[in-house]
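Reviewing the structure listed below.
The values are calculated or read from the model by the stated rules, or taken from the named source; none is laboratory data. What you see is a predicted model; the values in this text were computed from it and never measured. As a convention, Cβ positions derive from the backbone with ideal geometry for all residues, glycine included, and neighbour counts pool all protein chains shown.
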């Protein structure tokens, strides 16, 4: 019987605390670290038992895996598992059409980890502009095979997980379909790249493991990949409900245009944004817990004796800001996940939820995680304390499944041209005191309205809309940011004091904008600064200091040196130099 979400969470939590997941891998070579990671990935998969149908019908099971603390200690698992489940198996299942029987052997191989699913879209020359990709697919009518080919160096696929020489890999390869000299758009093809022994198949080229020299604390097998006339069977074309290639080489489509074809082909990339952010949630929770635990344990000398850093106002205020920002990211994720799992959403709404979660959670967390790092001194820079892990994982998420900047620009464009209804506010709220909740929310909503109006006017001034958009991207990004802050504030409505202070901090940070637009006065900003400081201090003392309990990760925190009951002993145990100190009284 397939395990429930709750059972998956309990079992993976125990697995995260096992010796295998706590093993020190820093002394291993890159290749050894990668092999160890795939072994751990198999263990996670065997516990979770995520089936192909779950990807379509019960994505909550995938979220249960991605939110596991296993990913804190081996964060490379996040991208590997997300790619295998969502982009690999998910693309097949969503575009399988009437071909379930024909593709069942592929599905079985992925479900049972006989092959790992990977995804190839980005190319060296096109980056986020995937619609310009060059990788080609042609159809041989005589053999009933598609031929996948890399026509130029710039068309090499960038950073798929293919450099390991020991792992079997089945790829979803995005390629431009050419039939009888006609460009039929970009489509996904199932391509076996490494056999069950991990050997590259004929015509598949993959760089060595050391080629992609990305900064990291957990090794994965990124590569640069190319294809030279690689043949795959007819069933390897994934056309979904819109597209098919007939046996005599004709392209039949119900799509209105190539844009529709493109978005169907990349159907799992949108949900991939949410899946990707799910893996950051346990890291955010642990990072702020470690930073606050450090402040509790670290002592400073005062005239009256020693005090913990929790008594130092600047320290408290910084960590309270980080706590509020990370709480905002976590609450926005939970809100959007709940919407996506509980409602049958139209495609536009589904895209919106995923885009908003990815851009806002990552960007709001950036500064907060840097505060966690700064407030833990040299200890925060050590991998075992996991703050660095969170920073790197968060930064990498900003460019995965679509770089955050173009994603934000898309959000802005959708806000301008789609029938989006903003969160409501009352114009009379402008007369309320500056610290009143409704006034604070009014200011955030008004910022979005003004940003939208200014961008629209800028575009209307030009006779060339495309050129005007290129020169208005800063305004577009500001609109997306203002809108995202409204959404994040709304996600905090069940945490009233945190919601208020979140709004205050945003208004203070962009104070000049609010003054220029005559929405606040200098005196009101001074009032906000004073009140927010008091709020931050109270939130730290009453809530932030209990963050590990709030997120139920006390046992996970204890696995870090800072979170250990005796940090000094934890480091000496890791050092393994069998030192027993001589107490000064015995000298």
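Would you check which residues across region 24-42 are outside any helix (DSSP H, G or I) and surrounded by fewer than 13 Cβ atoms within 10 Å (Cβ to Cβ) and list them?
First pass over region 24-42, keeping only residues outside any helix (DSSP H, G or I): 24-29.
The answer is 24, 26, 27, 29.
Please verify whether residue 530 is closer than 27 Å to residue 499 by Cβ and part of a helix (DSSP H, G or I), treating the condition exactly as stated. Break it down into steps so the answer makes sense when it comes.
Details: closer than 27 Å to residue 499 by Cβ: yes; part of a helix (DSSP H, G or I): yes.
Spelling it out, residue 530 is indeed closer than 27 Å to residue 499 by Cβ and part of a helix (DSSP H, G or I).
Go through region 326-351 and report how many residues are surrounded by fewer than 23 Cβ atoms within 10 Å (Cβ to Cβ) and either assigned to a helix (DSSP H, G or I) or in contact (Cβ under 8 Å) with a residue 60 or more places away in the chain (or both).
So the answer is 15.
Quick one: which residue in 128, 164 is in contact (Cβ under 8 Å) with a residue 40 or more places away in the chain, part of a loop (DSSP other than H, G, I, E, B), out of contact with any strand residue (DSSP E or B) (no Cβ under 7 Å at 6 or more places or on another chain) and surrounded by 17 or more Cβ atoms within 10 Å (Cβ to Cβ)? Steps first, please.
On the way: 128 fails: surrounded by 17 or more Cβ atoms within 10 Å (Cβ to Cβ).
So the residue among 128, 164 that is in contact (Cβ under 8 Å) with a residue 40 or more places away in the chain, part of a loop (DSSP other than H, G, I, E, B), out of contact with any strand residue (DSSP E or B) (no Cβ under 7 Å at 6 or more places or on another chain) and surrounded by 17 or more Cβ atoms within 10 Å (Cβ to Cβ) is 164.
Condition check: touching a strand residue (DSSP E or B) at 6+ places or on another chain (Cβ under 6 Å), assigned to a helix (DSSP H, G or I) and crowded, with 16+ Cβ neighbours inside 10 Å. Does residue 82 satisfy that? It would help to see each step written out before you state the result.
Details: touching a strand residue (DSSP E or B) at 6+ places or on another chain (Cβ under 6 Å): no; assigned to a helix (DSSP H, G or I): yes; crowded, with 16+ Cβ neighbours inside 10 Å: yes.
Taking the combined requirement at face value, the residue does not satisfy it.
Being touching a helix residue (DSSP H, G or I) at 6+ places or on another chain (Cβ under 8 Å) and assigned to a loop (DSSP other than H, G, I, E, B) is the filter; apply it to region 242-263 and report the residue that is farthest from residue 192 (Cα to Cα).
Per the stated criteria, the residue is 255.
Can you name the residue in region 144-161 that is touching a helix residue (DSSP H, G or I) at 6+ places or on another chain (Cβ under 8 Å) and assigned to a strand (DSSP E or B) and is also modelled with the lowest pLDDT among such residues?
Going through the qualifying residues, I end up with 161.
Would you confirm, using the coordinates I've provided, whether residue 432 is at pLDDT below 95, in contact with a helix residue (DSSP H, G or I) (Cβ under 6 Å, 6 or more places away or on another chain), surrounded by fewer than 19 Cβ atoms within 10 Å (Cβ to Cβ) and within 18 Å of residue 328 (Cα to Cα)? Explain how you work it out, then say what you get.
On the way: at pLDDT below 95: yes; in contact with a helix residue (DSSP H, G or I) (Cβ under 6 Å, 6 or more places away or on another chain): yes; surrounded by fewer than 19 Cβ atoms within 10 Å (Cβ to Cβ): yes; within 18 Å of residue 328 (Cα to Cα): no.
No: the conditions fail for residue 432.
Applying the selection to region 1-20, what residues are more than 17 Å from residue 51 (Cα to Cα) and without any contact (Cβ under 8 Å) to a residue 24 or more places away in the chain?
10, 14, 18, 19, 20
Tell me the helices (runs of 4 or more DSSP H) entirely within region 374-482 that contain at least 1 residues that are more than 21 Å from residue 276 (Cβ to Cβ).
Values: elements: 387-397, 404-417, 437-461, 465-470.
In region 374-482, the matching helices (runs of 4 or more DSSP H) lie at 404-417, 437-461, 465-470.
From 475, 557, grab the single residue that is more than 24 Å from residue 291 (Cβ to Cβ) and either crowded, with 16+ Cβ neighbours inside 10 Å or free of Cβ contacts under 8 Å to residues at least 12 places away in the same chain (or both).
On the way: 557 fails: more than 24 Å from residue 291 (Cβ to Cβ).
The unique qualifying residue is 475.
For region 285-322: of the residues being crowded, with 22+ Cβ neighbours inside 10 Å and farther than 22 Å from residue 378 by Cβ, which is nearest to the chain's Cα centre (by Cα)?
Step by step, filter region 285-322, then rank; the result is 285.
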